[in-house]
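Every read-out reported here was derived from the displayed coordinates using simple, explicitly stated rules and does not represent laboratory data. Note that this is a predicted model, so its numbers are computed, not measured. Note that we place each Cβ from the backbone using ideal geometry, even for glycine, and neighbour counts take in every protein chain shown.
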Amino acid sequence: LDLVSVVTDNGCVLLTGHVSDESLIQDVEKIAWSIPGVKIVDNNINIGQTSLGQTMKDAYITSACRTALIGTENIKSLNIKIKTMLNTVYLSGVVQSSEELNIVIDTIKQIQGVKKVVSYISVKNGK
């Protein structure tokens, strides 16, 4: 079963998932680049299947990240999208300042099971 997830934010396209054939990875990326306004395509699609256990672990990490951000003072968590794939957390959205961005990333890095944090978060007005 081929499964691809697409998250877009401010011209950035994040592709994650699993497919059965290398050519499908290239096809999906080509489609993403063909959309007007796309500035970045981060293709993290893998060949093969993910185990049910890994899928559940990724869902747990995403939930734990969301919960941690909701409980963190001075973070507008509704402005942040979170996607986890193979224990790597991908963040996108907008924050009010570079300080808020640093707090978000530091908070996510402390979540059990997170191996890596990839941020596509932009700072509003470049502050």
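For a protection proxy built on the mean count of beta-carbon atoms within 10 angstrom, sort 83-93, 14-24 highest first, please.
Result, highest mean Cβ count within 10 Å first: 83-93, 14-24.
Using r as the Cβ-Cβ distance of Ile35 and Lys76, and R0 as 30 Å, what FRET efficiency do you calculate, to the nearest 0.05?
Efficiency computed from Cβ-Cβ geometry: 0.65.
Figure the gain on full extension for Ser119 and Glu22 (residue separation times 0.36 nm, minus the Cα-Cα span) and round it to one decimal in nm.
The span from Ser119 to Glu22 would gain 32.3 nm if fully extended.
Tell me, in nm to one decimal, what length is gained between Asp106 and Asp2 on full extension, where the rule is 0.36 nm per residue of separation less the Cα-Cα distance?
This chain segment gains 34.1 nm when fully extended.
What is the percent of Cα-Cα separations in the chain that go past 18 Å?
Distances greater than 18 Å cover 55 percent of the Cα pairs.
Compute the relative contact order of the chain as a whole-number percentage, counting only Cα pairs closer than 8 Å that sit 6 or more residues apart in sequence.
20
For Asn43 and Ser97, calculate 0.36 nm times their separation in residues minus their Cα-Cα distance, and state this gained length in nm to one decimal.
Result: 16.7 nm gained on full extension.
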